[in-house]
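Values quoted throughout were computed directly from the atomic coordinates according to the rules given, and no laboratory measurement underlies them. Worth saying up front: this structure is predicted, and the values here are computed from it rather than measured. Because the Cβ atoms are built from the backbone with ideal geometry, glycine has one as well, and the counts that use them run over all protein chains shown.
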Amino acid sequence: MKSQTNRYLLRQTRIYFGILGLLLAVTGSGGAQAQPGSLIRYNKVAYLFQEEIIEQASTLPLAELTQNDQLGNLVELLAEYPLDYYRVVYETTYQGNPVQASGLVIVPHHRPGRWPLLSYQHGTILPGIEHLAPSNYSVPEDFNPLNTNPEINFLGSVMASHGYVVTMPDYLGYGESEGIPIQYTYTPSLAEVSRDMLRAVRELCWIEDIALTEDLFLAGWSEGAGATMALHRLLEAEDDPALQVSGSSPLSGFYNYTRMFREFATSEKEELAAPIYLWSAWVLNQNTPYLQKHQMAIYRHYYQRTPEHFMLKAAWLATREKSAENLLNPVLRQELIDGTATDWLTATQVNDHYDWKAKAPVFLHHGAKDTILPVFHSEDAYRAMTARGSSVKLYAYEEDNHFTLLESYLARTLQDFDALQQAPTIVNTSSSSSLP
């Protein structure tokens, strides 16, 4: 009884000082601005039993997406704990100015226990479906799998139920920061808001008496995989003792952005992903001071100015015209072919994260039949990073595309992360015999 009373008093003390800290973060001390990573507020939005986690993760559309009708068995095998879901608002920056961002935190509902942190960066959320951002998560009375985010229902939830505190940042432009231009594929912003959320979540865990281990893992799919690689690089460069990366596992991401941009521009083939390439180029243009080009200097057609309207217009156009020849300004396209578009080819390098030395292990996952983000991204990263002495493993899936890897990715990622909590190094290997 005495130990229970002591734990209660300790938690109440933490809540008191936590609330005091939140008030200081919001109001400031003598007008001082809250620092990036400060927790502004949070609230619990859901609680799921293990059976509910299995049900929401095993919905028919997801089974069709992964081409597997046995997802329920996999989830039942991996999911171990019920879950608490928290919506978090925290301080970050946009172009050097303080702003508030949001995200979702998923916590195993089990005490006592000590959990590793896992930051999961989500993939593309198109204009018009911003409600699928992580912080908007809720469990409706009538569960509709067509109106939910499989990265939350399947990947994030199962990872958390397996024994990880999972953070899922919205990115700027979604959730609390709606109104700021969506920073689509702009990795400096994606990495910074993800890092700041990790700082805020550590504060939340202290307030809620959620014990953490020293391990920190990173994962993400598609746009989120590029964000994951950028976040890994940022955290190791900053070397914050509280945010030491234990390992990362990006799925089907963009790492050699400059090559992707130039190959799209110079290709004469039709590209299924043309709309998102155009959207990505526009965001890069808006964030690069020495670019700031007018639309007609970039594109053959004129679009409305907001990224959302631009994306929708581009998507509509690309259903008929998917080639760079029909979408890009012909002068810019020729300069890219000739290699003389030095301003653009310099700007794209801010999103390149394939040629650097990582201290913590990296597990790359990519489908050989991916037409959205071709497998060369992971192959280039594997070669360049291993040449620099990084510890890298490449899972190359010969028969899979951009969307059919979620099941294999989840199982292997948790297996690799679980092992790293005991053995911190791996040998450089690739599962693809086609790589030199």
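Each label was represented as a point 7 Å from its Cα along the Cα-to-Cβ direction; for Gln349 and Ala242 these points are 3.4 nm apart. For the range 232-304, chymotrypsin sites (Phe, Trp or Tyr not before Pro) are listed when DSSP marks them as loop and at most 13 other Cβ atoms sit within 10 Å of their Cβ; the list is Tyr290, Tyr302. Packing-based ranking of 234-247, 79-92 yields 79-92, 234-247, ordered from highest to lowest mean Cβ neighbour count within 10 Å.
Summing +1 for each Lys or Arg and -1 for each Asp or Glu, what net charge is found among the other residues whose Cβ lies under 15 Å from the Cβ of Glu176?
Residues close to Glu176 contribute a combined charge of -3.
Amide H contacts under 5 Å for Leu364: Lys393, Leu394, Tyr395, restricted to partners 5 or more places along the chain or on a different chain, H placed in the peptide plane at 1.01 Å from N. The stretch between Gln421 and Thr340, if pulled fully straight at 0.36 nm per residue, gains 24.4 nm over its current Cα-Cα span.
For the pair the range 93-119 / the range 205-274, the C-alpha centres are spaced 16 Å from each other. Model label points for Glu52 and Gln35, set 7 angstrom from Cα along the Cα-to-Cβ axis, are 3.7 nm apart. On the basis of the beta-carbon distance and an R0 of 60 Å, Ala211 and Gln295 show a calculated FRET efficiency of 0.70. In a DSSP loop and with at most 14 other Cβ atoms within 10 Å, the trypsin sites (Lys or Arg not before Pro) in the range 336-422 are Lys357, Lys359, Lys369, Arg388. Using a simple spin-label model with pseudo-atoms 7 Å out from Cα toward Cβ, Glu270 and Val99 lie 3.6 nm apart.
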